[in-house]
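The values are calculated or read from the model by the stated rules, or taken from the named source; none is laboratory data. Everything numeric in this text was worked out from a predicted model, so none of it was measured. Positions of Cβ are generated from backbone atoms using ideal geometry, with glycine treated the same way; all protein chains shown enter the neighbour counts. Side chains are part of the model used for accessible areas, which takes the heavy atoms of the whole protein and leaves out ligands, DNA and RNA. Shrake-Rupley method; radii C 1.70, N 1.55, O 1.52, S 1.80 Å.
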Number of protein chains: 2
Amino acid sequence: MVFAGTAGEVNTSPVISVLLALAVVLLAAKIGGDIMVRLRQPEVLGELIAGIILGNLALLGIDTFRFLREDLVLEILSELGVILLLFEVGLHTTIPDMLRVGGSAFLVAVLGVIAPFFLGWGVGTYFIPQADSLVHVYLGATLTATSVGITARVLIDLKRVTTDEAKIVLGAAVIDDVLGLMVLATVSGVISAAEAGGGVEVEAIAQVLGLSLGFLLVAVTLGRMVVPYYFRLVSILRSEGILLATSLVMCFGFASLAGMAGLAPIVGAFTAGLILEPVQYQELSARHDDVSIEELISPLVNFLVPIFFVTMGSRVNLLDFVRGDILAFALVLTLVAIVGKQVCGLGVLKQGVDRIAVGLGMIPRGEVGLIFASIGASLMLHGQPIIDSATYGAVVIMVVITTLVTPPLIKWRFSRLA
Amino acid sequence: MVFAGTAGEVNTSPVISVLLALAVVLLAAKIGGDIMVRLRQPEVLGELIAGIILGNLALLGIDTFRFLREDLVLEILSELGVILLLFEVGLHTTIPDMLRVGGSAFLVAVLGVIAPFFLGWGVGTYFIPQADSLVHVYLGATLTATSVGITARVLIDLKRVTTDEAKIVLGAAVIDDVLGLMVLATVSGVISAAEAGGGVEVEAIAQVLGLSLGFLLVAVTLGRMVVPYYFRLVSILRSEGILLATSLVMCFGFASLAGMAGLAPIVGAFTAGLILEPVQYQELSARHDDVSIEELISPLVNFLVPIFFVTMGSRVNLLDFVRGDILAFALVLTLVAIVGKQVCGLGVLKQGVDRIAVGLGMIPRGEVGLIFASIGASLMLHGQPIIDSATYGAVVIMVVITTLVTPPLIKWRFSRLA
C-alpha cells in the first residue's frame, strides 16, 4: 500500500473534493429549478430548497453533503456569484435611472429601516421582557437589513429588472446597507459603552458613516468620470478577451473597495455595473461582433449564482424549526419583519409605481440578518450575550422564511406589471 | 474605534482579499499578454512572466503580491481554469480522431518517458556521483512527466488544436500521465523497500496501474455509451442554462473521478470533452439558438485560465536561478529534459506528421515535475531525502525553463503547419 499511497499523493489536491462538490451543487440546483418551473415558481426557490434538503440530509444520518456548509472555496465561489449577479443587475440600470427614482428609493430605505426596527423592539419587549432593553433594541436592529440577492435574482429571471419598481428596490437596498451599518454601529456602540461604563464614541460612528457614504459618492461621481478613460486606456491592449477581463477587474475592484469601506461587496459590484454604460466600451465591444458585457458574463453568472443559492439553503438547519420554545416568538418576529417592510411602500413618491411590489422586494433578510445576529451573539452585556441561543434561533427562522416567501410573492406581483 | 471595528466585521470576509487578488491577476495577465502579442509571441508567455514578476517583487521588498503564491482560493480557481482548458481541448477532439493517432501517441508517450528517464539518470550520475544510485534513478523519473496545460493553451490560441500533431501530443500526454504514475510508484516502491529492507510490493504498483487505466477505459467506453442517455435525461429539465450546467457537471465529475483514480484531474476533464460530441446534446443546444458548449464555456475559460498561468508564474522563485553551485547541473538537466522529449518525435507512425512539432509540444514539465520533486524531497533513504535542496533547485530551474521556452517554440513550428 505504500506505493499506492505515495503515487496517489501526486494528484491528491483539495481541488478533487471541490470538483465533486461543484458537480453536485450544479445538478441539485437545476433539478430544484426544474421542479419550481413546473410549479410556476421562480427557479431560485428550487435552488434554495435543494440546498436545504442536501444540507439537512445529515439529520437522516447521511453526512455526505456536510461540505456544503463548511467548504471555504464553495463559499468564496458563491460570493463571487452573488457579486456578479449584482454587477449584472447594475449593468441593466443607469445613474440617471437611479436619480429619477432616488427620492423614492431613499424614503423607502429609511422607512424600511425605521418600521422593522421599532416593530422588532416591541416584539422583543413582549417575548423576552426579562431581558435588558438594549437586547430589545438590538433585536430591532437585526430586522433592518435587506438582502437584495434574492430579489435581484427573481427580477432578472422575470426580466423585470428595468421596471421602476425594481430600480427603487435596488436603490433602496444600497441605501439600506449604509443605514444598516449606521444602526449596527450605533447600537453596538451604545451597548459597549453601557458595558464599559463609558460614553458613546460618536466619532467612531461618524467614521463608519463617512467611509461608506464616501465610497458611494466617490464611486458614482469620480468613478463615472474615470471609466471612459479606463476603457480608452485598456483598449490599447491587444490581448484576447480584454472586454471581459477589464469589466471583471472593474467589478471585483469596486466590490473589494466597498468591502474595505465596510459596505457589502455586492454594493460595490452593483455600483460598478451602474456606472458602466455600453457607450464607454463600444470600441472594445466592436472588436468582438458588438458583444455586450452582459452576454460575456452571463455564463459566469449561470455557473456561479446557483452555487450561492444552494449553499445558502444548505446552511439552514431544520432543527431550528422544531424548537417549540421559540416558535411563537420566531413567527411573530417573521410577521413583523414582513409587515415592517410593507411600510416601505409608503415611501414611494413616484406616480404609477406599484407600492406593494416595492414592499415585497424589500422583504428578504438573507445572510445580512444572520451576520447581525452573529455579532449580537458575541457582544456581551452584564456577562450575557446580547443575542442568546433562543433569540438567535428565532432570527434564523425569520431569515429563512423571509427568504423563501419572497420569490413567489415577487413573481406574483411583478408579473402583473407591464 | 470599537464601533468601526464592530461594524466593519459585518462585511469583512475572505472574499474581499480574493476579489482584489482576482482584479490584480486579470489585469497583470492582460498586460503581459499584450506585450507578447506585440512581440509576436504567445500570450501565455506574457501571463507566466507577469506572474514571475509579481511573485518576485518581494525580492525588492514589495510584499503586496505574496498572496499569489499562498492563497488557497486562487489556487483552486486556477486549477478549475486548467481543467476547463483541457475540457475545451477535449471538445475539439473526438474518440475516432484519437484512435486514428493512437499508435503514434502511444509510442510518443513511451519514448517520451524512456529517453528523459535514462538521460536524467545519466546526468545525476555525472553531477552527484556521491549519491546513491537510487537518487539518480529518481532524478530520471522527475523528467518523465509532460505538463500539457501550456501546450494546450498555445494550440488553442493558435487555432491549431485540431491538427494531427496536436492530437498526438494530447493523446501522448494522457498516456504519459499513466506512465508517469507507474514510474513514480515503481521508483518510490523500490526506494521504500531498500530503506525498509523488504521486497517491492508488486501488487501495489499493479493497483496504481489498474486504477488509472481502468478509469480511462471505463470513461471512454462506458462513458461514451452513457452520455447520450445522460443528455436525453437532463433535457427533461426545464430550468435555465441546462446545457452549460450539465456539461460542467460532466467535466467536473470526470475530473474528480480521474483524481480519485490517481490521475491528474485535467486528464478526466480532457476525457469528458473527448467523449462529448455535439450530436449528443443537439436537443439542448437547439433551445438556445444552437449554441455550442465551446461558446458557453469560453467566458469561463477566459476568466479562469489566466489565473492559472499567472499564479503558476508567481510560484517561480528567481533566487533559485542565482545559485552558482547548481546552475551548471540545472542547465544540463534542462538540456536533457528538452532533448529527451525530442526523441519522442521518432515515435510518430503516421505519414505527413511534423515530428519536430510533436517533440516540442511534449517539452513542458510544469507543475507535474515539481510534484515529483516534492515527493522525492519527502522520501528518505539512509536518513537523507532522495531529492536534496540543491537537486530540488535544479529541478525547479528545469521546470521553469521548459515551461517558458515551449510557447515560442510551438508557435514557431505550428505556424508552419497548414
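In table form, for the structure just shown:
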{"quantity": "Label geometry 7 Å along the beta-carbon vector: B:Asp63 inter-copy distances in nm", "calculated": "4.0"}
{"quantity": "Over the stretch A:1-133, relative contact order from alpha-carbon pairs under 8 Å, at least 6 apart, %", "calculated": "13"}
{"quantity": "Calculated label separations, B:Glu283, copies of the chain, 7 Å along the beta-carbon direction, nm", "calculated": "4.9"}
{"quantity": "Residue-normalised accessible area of the protein assembly as shown, given per residue in Å² at a 1.4 Å probe", "calculated": "37"}
{"quantity": "Computed [θ] at 222 nm, helices only, for chain B once each DSSP H run of length n ≥ 4 contributes -39500 (n - 2.57)", "calculated": "-25000 deg cm²/dmol"}
{"quantity": "Residue order for A:Met380, B:Met312, A:Met250 - accessible surface, 1.4 angstrom probe, largest first", "calculated": "A:Met380, B:Met312, A:Met250"}
{"quantity": "Threshold 30 Å², the stretch A:277-325 residues less accessible with all protein chains present than alone (1.4 Å probe)", "calculated": "A:Pro299, A:Leu300, A:Asn302, A:Phe303"}
{"quantity": "Overall form of the stretch A:45-173 per C-alpha gyration tensor (a/c, 1.5; a/b vs b/c)", "calculated": "oblate"}
{"quantity": "Accessible-area composition of the stretch B:122-257, carbon plus sulfur, in percent [1.4 Å probe]", "calculated": "68"}
{"quantity": "Where rotation carries A onto B, the chain A residue whose Cβ is nearest that axis, in whole Å", "calculated": "A:Pro299, 2"}
{"quantity": "Approximate spin-label separation A:Tyr126-A:Phe321, in nm, with each point projected 7 Å along Cα-to-Cβ", "calculated": "2.3"}
{"quantity": "Interface B:A - total buried accessible surface [probe 1.4 Å, Å², rounded to 100]", "calculated": "6800"}
{"quantity": "Mean separation of Cα contacts under 8 Å (6+ apart) over length of chain A, as relative contact order %", "calculated": "29"}
{"quantity": "Inter-copy separations for B:Asp325, label at 7 Å along Cα-Cβ, nm, ascending", "calculated": "6.6"}
{"quantity": "Simple Cβ-charge dipole of the stretch B:169-252, Lys/Arg +1 and Asp/Glu -1, about Cα centre, in debye nearest 20", "calculated": "560"}
{"quantity": "Size of charge dipole - the stretch A:124-182 - debye, nearest 20, with Cβ of Lys, Arg +1 and Asp, Glu -1, no other charges", "calculated": "220"}
{"quantity": "Trypsin sites (Lys or Arg not before Pro) lying in DSSP loop within the stretch A:25-94, provided at most 15 other Cβ fall within 10 Å", "calculated": "A:Arg40, A:Arg66"}
{"quantity": "Accessible surface of the stretch A:326-418 [probe 1.4 Å, protein heavy atoms]: carbon and sulfur percent", "calculated": "69"}
{"quantity": "Residues with amide H under 5 Å from that of A:Leu381, placed H, sequence gap 5 or more", "calculated": "A:Ile386"}
{"quantity": "Contact order relative to length of the stretch B:293-381, as percent, for alpha carbon pairs under 8 angstrom and 6 or more apart", "calculated": "18"}
{"quantity": "Span-like helix ranges in chain B, DSSP H, alpha carbon extent 30 angstrom or more, Kyte mean at least -1.0", "calculated": "B:14-38, B:102-127, B:164-196, B:202-234, B:293-314, B:389-414"}
{"quantity": "Per-residue SASA entry for B:Arg238, accessible area with 1.4 Å probe, Å² rounded to 10", "calculated": "140"}
{"quantity": "At 1.002 mPa s and 20 °C, Stokes diffusion of the protein assembly as shown via Kirkwood alpha-carbon radius, µm² per second", "calculated": "75"}
{"quantity": "Rounded to the nearest 20 debye, dipole of the stretch B:183-312 from Cβ charges on Lys, Arg, Asp, Glu", "calculated": "200"}
{"quantity": "Partner chain coverage, peptide A:183-196 - average Cβ within 10 angstrom", "calculated": "3"}
{"quantity": "Average other protein chain Cβ within 10 Å of Cβ, residues B:256-265", "calculated": "5"}
{"quantity": "Choice from B:Leu59, B:Leu360, B:Leu257 showing the highest fluctuation, given a GNM over chain B with Cα pairs closer than 10 Å", "calculated": "B:Leu59"}
{"quantity": "Packing-based ranking, highest mean first, of A:404-411, B:209-216 given that Cβ atoms within 10 Å are counted", "calculated": "A:404-411, B:209-216"}
{"quantity": "Nearby lysines by direct alpha-carbon distance to B:Lys167 (threshold 27 angstrom, same-chain neighbours under 8 apart not counted)", "calculated": "B:Lys159, B:Lys341, B:Lys350, B:Lys411"}
{"quantity": "Reduction of at least 10 Å² in accessible surface, 1.4 Å probe, comparing all protein chains with the chain by itself, residues of the stretch A:30-67", "calculated": "A:Lys30, A:Ile31, A:Asp34, A:Val37, A:Arg38, A:Glu43"}
{"quantity": "Span from the the stretch A:149-202 Cα centroid across to the the stretch B:354-418 one, whole angstrom", "calculated": "53"}
{"quantity": "Heavy-atom SASA rank of B:Lys167, A:Lys159 (probe 1.4 Å, accessible area, largest first)", "calculated": "A:Lys159, B:Lys167"}
{"quantity": "Dipole of the protein assembly as shown [Lys/Arg +1, Asp/Glu -1 at C-beta], most positive-end residue of B:Leu85, B:Gln351, B:Pro364", "calculated": "B:Gln351"}
{"quantity": "5 angstrom amide H check on B:Ser239, placed H, neighbours 5+ away", "calculated": "A:Asp34"}
